[in-house]
1. Given a 10 angstrom Cα cut-off, can you work out which residue in Asn255, Asn126, Asn235 is the most mobile in a GNM of the chain?
2. For the chain, can you list the cysteines whose C-beta has no other cysteine C-beta under 4.7 Å from it?
3. Can you give the alpha-carbon Rg of the chain over 2.2 N^0.38 Å, where N counts its residues?
4. Just from its helices, what would the mean residue ellipticity at 222 nm be for the chain, if runs of 4 or more DSSP H residues each count -39500 (n - 2.57) and the sum is divided by every residue, rounded to the nearest 500 deg cm²/dmol?
5. Does segment 277-361 come out rounded, prolate or oblate by the C-alpha gyration tensor, with a ≥ b ≥ c the root eigenvalues, rounded set by a/c under 1.5 and, if not, prolate when a/b is larger than b/c and oblate if not?
6. Could you tell me the relative contact order of segment 312-376? Use alpha-carbon pairs under 8 Å, at least six residues apart, and round to a whole percent.
7. Step through the table entries Lys21/Lys298; Lys222/Lys249; Lys269/Lys370; Lys222/Lys269, compare each Cα-Cα distance with 24 Å, and write down the pairs that go over it.
8. What translational diffusion coefficient, to the nearest whole µm²/s, does segment 220-363 have by Stokes-Einstein, given a Kirkwood radius computed over alpha-carbon pairs, a temperature of 10 °C and 1.306 mPa s viscosity?
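No value in this document is a laboratory result; all are computed from the given coordinates. Not measured: the values here are computed from a predicted model. We place every Cβ from the backbone using ideal geometry, glycine too, and count neighbours over all the protein chains shown.
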Amino acid sequence: MNIHDLQREFVAYAMSIGVDKIGFTTAAPFTELKNRLRRQQELGFQSGFEESDIEKRTEPLQLLEDAESIVAIAVAYPSRMKDAPVGKKGARRGIFCRASWGVDYHTALRQRLALLAAWLEERVPNVRIESMVDTGALVDRAVAERAGIGWSGKNCSIITPEFGSYVYLGELVTNIPFAPDKPMEDECGDCRLCLDVCPTGALIAGGQLDSQRCIAFLTQTKGFLPDEFRSHIGNRLYGCDTCQTVCPKNKGKINWIHEEFKPDPELAKPLLTPLLTISNREFKEKFGHVSGSWRGKKPIQRNAILALAHFKEEAAVPDLVGLLTKDERPVIRGTAAWALGKIGGEQAQKALLTAQEKEQDEEVLEEINKGLQFFS
């Protein structure tokens with residue numbers, strides 16, 4: 001089989017297994033990206049979750065020594081939920097971002113990439129393949145952009161004409177010399193909605209993100225959330241979709257395509273108060289299959305406490321007092337203390353004064369004092 005026929009049949013097979021877009025590019029270095037990443041590193045804009053070796057992130061030949069091309073894939077996920085529950089006083093709800101609805105996309109894309117690799121291995125002698133999703137060395141967005149999947153938007157997402165920016169990305173590096181596709185023209189134009197509405201100003205300029213200020217990153221951290229961001233987190237438990245939901249290119253892109261990504265409304269928008277006392281086992285059983293669970297329950301619980309403070313949910317005060325007085329984790333005790341101050345009321349104030357006398361941890365004491373300042 002010649003390379004042209006192989007590529008054509010490969011594309012058809014990819015579509016048959018639930019890949020929504022596929023593109024090809026060379027294994028040439030990502031030179032411009034390398035300069036951008038160095039600048040991001042110098043500015044301290046990186047999240048710390050990514051591969052630290054910039055050479056590996058921009059040199060495909062470091063990952064596969066005889067690499068000839070990279071296959072980029074995109075799989076669409078939903079932007080809307082059917083029968084979304086509505087939170088109300090006494091039953092407030094948080095929300096997971098759209099990329100964490102349904103099954104963990106790492107699992108879903110790895111399954112597709114494994115099938116694609118097996119298809120090539122059956123047909124091409126001595127084929128070599130390295131596949132990756134999100135946690136791999138290469139920058140998924142840079143690969144997808146160069147392979148013609150979409151253009152890189154000002155919100156730092158790949159935007160496709162068909163599905164908007166609601167797509168998961170993955171790639172295969174291979175020694176097969178596939179014909180490369182042409183990159184797409186940038187269609188953002190003069191629009192800067194995403195930059196203007198970013199809650200924390202994390203989008204510094206079109207295509208430049210300070211990850212340390214990005215709510216999507218902050219919801220995944222495990223320590224105390226810095227004070228300046230607490231009023232911006234709202235009821236977000238994991239991730240942030242603001243720069244996507246305001247994008248005009250996402251208008252009308254609902255993407256109810258794959259059953260595996262359709263959300264369970266009670267998981268995507270869960271009640272907040274039960275999260276405060278959920279056990280490790282319960283958390284794993286309930287949320288273990290979604291990508292938003294990867295950091296464990298502690299960040300989710302901290303964010304749930306902040307969300308209850310955002311709503312000033314008086315019904316949560318007894319549970320928050322329980323966390324303040326009994327939880328072994330300083331971050332949870334301290335965040336509960338701050339939230340009690342924010343919510344207010346006699347019971348909350350009394351609990352904070354009592355805790356102030358007993359607490360030994362300096363950081364928690366600082367949060368208790370912050371909580372008490374709401375009453376002054």
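1. It is Asn126.
2. Lone cysteines by the Cβ rule: Cys97, Cys156, Cys188, Cys191, Cys198, Cys214, Cys240, Cys247.
3. Expressed relative to 2.2 N^0.38 Å, the Cα Rg reads 1.10.
4. Result for the chain, helices only: -11500 deg cm²/dmol.
5. prolate
6. Here the relative contact order equals 36 percent.
7. From the list (Lys21/Lys298; Lys222/Lys249; Lys269/Lys370; Lys222/Lys269), the Cα-Cα distance tops 24 Å for Lys21/Lys298; Lys222/Lys249; Lys269/Lys370.
8. Diffusion coefficient, whole number: 96 µm²/s.
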